[in-house]
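Asker: Shown below is the structure under consideration.
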């Protein structure tokens with residue numbers, strides 16, 4: 001972590017002290033050595049939730065960047081922001097301020113987690129495990145997004161030699177070149193840390209928490225994503241099965257009820273909460289800003305006929321689109337998943353768990369993990385969408401296509417393309433421009449960060 005990120009972190013922590021939703025007190029602007037109470041520690045943890053709400057994380061870019069990079073003709077960019085058009089064309093540049101924002105905001109989250117983990121001794125015994133688990137959940141999930149956006153995927157092999165991202169596991173307080181000029185850890189090392197963090201988080205977080213906060217099942221759900229990325233199908237099936245079998249979540253009755261809610265639905269395993277006072281952005285940034293038609297949003301991510309043609313007749317998911325136009329007057333189809341301002345943003349939900357269990361069980365073969373066959377799990381999702389049951393699954397592509405339709409424009413396609421080595425935009429899965437460059441300002445500071453190939 002370099003001095004630039006450190007100073008941005010301090011400015012951010014000061015700003016989040018005014019976040020009304022999370023009620024973050026002024027202690028959240030303290031440097032690590034000034035945190036002296038349990039309330040200080042909890043304030044920093046609350047600040048981490050705010051960094052994820054930010055447009056530079058789950059509030060927008062963790063979704064839109066992946067969708068634009070792997071658009072494969074399903075998205076038209078109808079906007080004027082050059083950096084977003086570059087992503088859509090796979091021509092992004094190392095000096096993009098938006099790419100740097102994702103990098104910096106992600107390390108803000110990681111540093112907040114590291115601060116919390118360094119101060120666990122200030123907490124009461126009955127709350128230490130929960131807060132440690134939440135901090136590790138933040139760190140593990142954030143590293144998963146960083147290593148996938150800024151490095152070649154796990155599926156590319158050579159995981160012990162392919163460069164990932166810097167692994168920073170201690171809090172930053174000032175800049176020490178001998179400590180903070182960290183190299184890019186290998187993809188394998190980053191994944192090892194991710195799995196370790198999420199496994200520990202699942203063991204230490206409670207089964208239930210207020211809607212805005214992560215739980216044991218949030219960590220297990222993300223572990224299932226990570227294991228899919230590593231082609232560890234038995235582990236992916238086991239993690240998703242535990243979430244399903246917990247009985248704490250249920251599919252909403254129809255897919256349209258999963259989105260644009262004031263709070264979590266029965267299906268949400270983890271979601272980002274928003275209000276009119278505390279949100280991901282409403283003018284130039286934020287998930288609704290780009291996906292929703294003018295005048296609610298900018299209407300600049302539009303859905304093509306090629307995508308709409310992928311739904312079977314009678315599929316209710318094909319009704320999650322509407323006619324609209326961009327702020328500049330370009331007309332097209334919009335997804336209604338991200339239609340309304342100030343609504344909860346589902347990040348990981350039960351529908352995904354059924355499809356993960358189905359695919360993982362199918363690919364691993366043998367006795368399925370859980371009570372259902374892969375066919376039964378796929379049919380649960382199809383039936384909820386108003387479709388008839390399949391009589392058989394000929395190959396894994398059937399499950400992957402069902403996943404594509406179910407999770408369309410929720411950010412999942414990026415990870416699916418990478419883990420299954422699918423072509424996208426006329427390029428192979430490991431095409432250099434299907435990942436982001438290391439921000440040039442990081443390299444210019446003299447850090448030991450080799451640039452990604454192709455930049």
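Asker: For n ≥ 4 DSSP H runs only, could you compute -39500 (n - 2.57) per run for the chain, divide by its residues and tell me the 222 nm figure to the nearest 500?
Answerer: On the way: 17 runs with 203 residues, N = 455.
The helix contribution divided over the chain gives -14000 deg cm²/dmol.
Asker: List the relative contact order of the chain as a percent without decimals, with contacts defined as Cα pairs under 8 Å and 6+ residues apart. Intermediate values should be presented prior to the final figure.
Answerer: Working: 883 pairs, mean separation 90.5, N = 455.
Contact order relative to length: 20 percent.
Asker: Pairs of Cα atoms under 8 Å, at least six residues apart: use those to get the relative contact order of the range 287-338, whole percent.
Answerer: Working: 88 pairs, mean separation 20.9, N = 52.
RCO, the range 287-338: 40 percent.
Asker: Compute the angle between helix 233-245 and the longest alpha-carbon principal axis of the chain, please, reported from 0 to 90 degrees and rounded to the nearest 10.
Answerer: Roughly 90 degrees, rounded to the nearest 10.
Asker: What shape does the range 315-455 take by its C-alpha gyration tensor, where a ≥ b ≥ c are the square roots of the eigenvalues and a/c under 1.5 counts as rounded, a/b above b/c as prolate, and the rest as oblate? Present the calculation step by step, with values, prior to reporting the outcome.
Answerer: On the way: a/c = 2.27, a/b = 1.32, b/c = 1.72.
It comes out oblate by the Cα gyration axes.
Asker: Classify the range 172-305: rounded, prolate or oblate, from the alpha-carbon gyration tensor (a ≥ b ≥ c, eigenvalue square roots; a/c under 1.5 rounded; otherwise prolate if a/b is larger than b/c)? Spell out each step's value before the answer.
Answerer: Details: a/c = 1.77, a/b = 1.18, b/c = 1.50.
It is oblate, given that a/c is not under 1.5 and a/b is not larger than b/c.
Asker: Going by average Cβ neighbours within 10 Å, how do the peptides 401-409, 65-73, 415-423 rank, with the highest at the top? Please list the in-between numbers first.
Answerer: Numbers: 401-409: 19.9, 65-73: 21.4, 415-423: 17.9.
In decreasing order of mean packing, 401-409, 65-73, 415-423 become 65-73, 401-409, 415-423.
Asker: Sorting check: for 386-395, 104-113, 222-231, which peptide has the highest mean count of neighbouring beta carbons within 10 Å, and how do the rest follow?
Answerer: Values: 386-395: 11.7, 104-113: 26.5, 222-231: 23.0.
Highest-to-lowest ranking by the protection proxy: 104-113, 222-231, 386-395.
Asker: Measure nothing fancy, just the Cα-based angle from helix 125-150's long axis to the longest principal axis of the chain, in degrees from 0 to 90, nearest 10.
Answerer: 70
Asker: May I pose another question? Could you give the alpha-carbon Rg of the range 98-143 over 2.2 N^0.38 Å, rounded to two decimals?
Answerer: 1.29
Asker: Which three lengths, in whole Å and largest first, does the chain cover when its Cα atoms are put on their principal axes?
Answerer: On the principal axes, the chain reaches 61, 49, 46 Å in Cα extent.
Asker: May I ask you to give the average projected area over all directions of the convex hull of the Cα atoms of the range 287-338, in nm² rounded to one decimal? Don't skip to the answer; put the middle values down first.
Answerer: Values: hull surface 13.2 nm².
The orientation-averaged projected area of the Cα hull of the range 287-338 comes to 3.3 nm².
Asker: Once both axes come from the Cα atoms, what is the angle between helix 374-384 and the longest principal axis of the chain, in degrees from 0 to 90, rounded to 10?
Answerer: Its long axis makes an angle of about 80 degrees.
Quick note: the coordinates plus some simple rules give every number you see, no bench work behind them. On a predicted model such as this, the values are computed, not experimentally measured, just so you know. For neighbour counting, all protein chains shown are included, and Cβ atoms are generated from backbone atoms with ideal geometry for every residue, glycine included.
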